[in-house]
1. Can you give me the relative contact order of the chain as a percent, contacts being Cα pairs under 8 Å and 6 or more apart?
2. Report the per residue volume, in Å³, of the convex hull enclosing the C-alpha atoms of the chain.
3. Distance between Cα centroids, the range 181-244 to the range 6-23: provide it in whole Å.
4. Using just the Cα positions, wrap the range 114-201 in a convex hull and report its mean projected area in square nanometres, one decimal place.
5. How large, in Å, is the range 45-100 by the Kirkwood hydrodynamic radius built from its alpha-carbon pairs?
6. Could you sort the peptides 54-65, 21-32 by per-residue average Cβ neighbour count (10 Å cutoff), highest mean leading?
7. Work out how far the C-alpha atoms of the range 112-267 reach from end to end along every principal axis, then list the three figures in whole Å, largest first.
8. For the range 165-223, what is the convex hull volume of its Cα atoms per residue in Å³?
Ligand SMILES: [Zn+2]
C-alpha cells in the first residue's frame with residue numbers, strides 16, 4: 001500500500017462532522033463495509049482510527065440512503081413507536097443543547113477571563129469524558145492533558161478549582177497456586193480473594209483503585225472529574241498533595257443543582273469539543289493532540 005499523506009486522513013471527529021453522524025455510527029459504517037480503517041494511531045489510552053478523506057467524501061451522497069436503511073432496521077428490531085419517540089426526543093434535545101450552551105456562555109460572561117476559561121474548559125471536558133466513556137478511550141489522553149494543565153495553572157490559585165485524593169484498595173491478581181486452590185474449592189477467583197485475601201505470591205498493584213477527584217464549582221455550575229491515582233500522582237509534590245477525602249462524588253456536570261442529562265451530553269459535536277479544549281491548551285503553548293481542521 002502506498003503511503004497516504006497525513007492531510008488526506010480524517011480522524012473520527014472529522015468523519016462525524018463530514019457525514020453528520022456520531023462516533024458510534026462510524027463503527028456501523030465500517031461494520032457494513034462502507035468505510036475502511038486506513039491507519040491506527042496509538043494513544044496512551046487507546047487507538048484512534050483514521051480514514052481517507054476521498055472515501056469519506058465519496059460517501060456523502062449515499063448517507064441519506066444509509067441513514068434511512070439504519071432507521072428501517074432499528075424500527076424493525078426495536079419497534080417503530082419507540083424509535084419515532086427517540087427521534088423526536090433527539091431533535092428536542094438538540095434544540096435544548098443549543099439553548100443551554102447559549103445560556104451557559106451568557107451566564108459566565110461577567111466573570112473574569114480566567115474564570116471563564118476554566119469554566120469553558122470544564123464544560124467541554126465534561127462532553128469529552130462522555131465521548132471517551134461511550135467507546136472512544138483514546139480521548140482520555142486529551143482529558144489527562146487538560147486536567148494536568150488545570151493543575152499546573154489553577155491549583156492553589158483559584159478557589160473554584162479543588163482536588164481531593166480518594167484512597168482505594170490495591171488490585172490483587174491471584175497467583176497460579178491460589179487459582180488452583182480456588183478451583184478446588186469451587187470458588188470464583190473473586191470469592192476466593194474475598195475469603196482469603198490471596199497469599200504473598202499473588203501480585204498487588206498498590207492503590208490501584210485510588211483516584212484523584214477534580215471539582216470546578218462556580219456560579220450555578222459544578223463539574224466533577226476523576227483520574228486514576230497512577231496517572232495523576234506525578235502531577236503533585238509533597239507540598240501540593242491534595243487533601244484526602246472519604247468517598248468520591250459522582251463524576252459529571254451539574255447545572256443549577258441537577259445533573260446534566262445523557263441526551264444533553266451527547267449533543268455537542270466531538271469536533272467542537274476537541275477544538276475548544278485544544279484552544280484552551282494553546283494558551284499554555286500545548287500542541288494539539290488531534291487534528292480538527
Ligand atoms: Zn497466591
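1. Here the relative contact order equals 20 percent.
2. 209
3. The distance from the Cα centre of the range 181-244 to that of the range 6-23 comes to 35 Å.
4. Over all viewing directions, the range 114-201 projects a mean Cα-hull area of 8.9 nm².
5. 14.1
6. 21-32, 54-65
7. Principal-axis extents of the Cα atoms in the range 112-267, largest first: 64, 41, 27 Å.
8. Dividing the Cα hull volume of the range 165-223 by its residue count gives 95 Å³.
Each value in this text was obtained by applying a stated rule to the coordinates, not by laboratory testing. None of these values were measured; they are calculated from a predicted model. Note: ideal-geometry Cβ built from the backbone for every residue, glycine included; neighbour counts use all protein chains shown.
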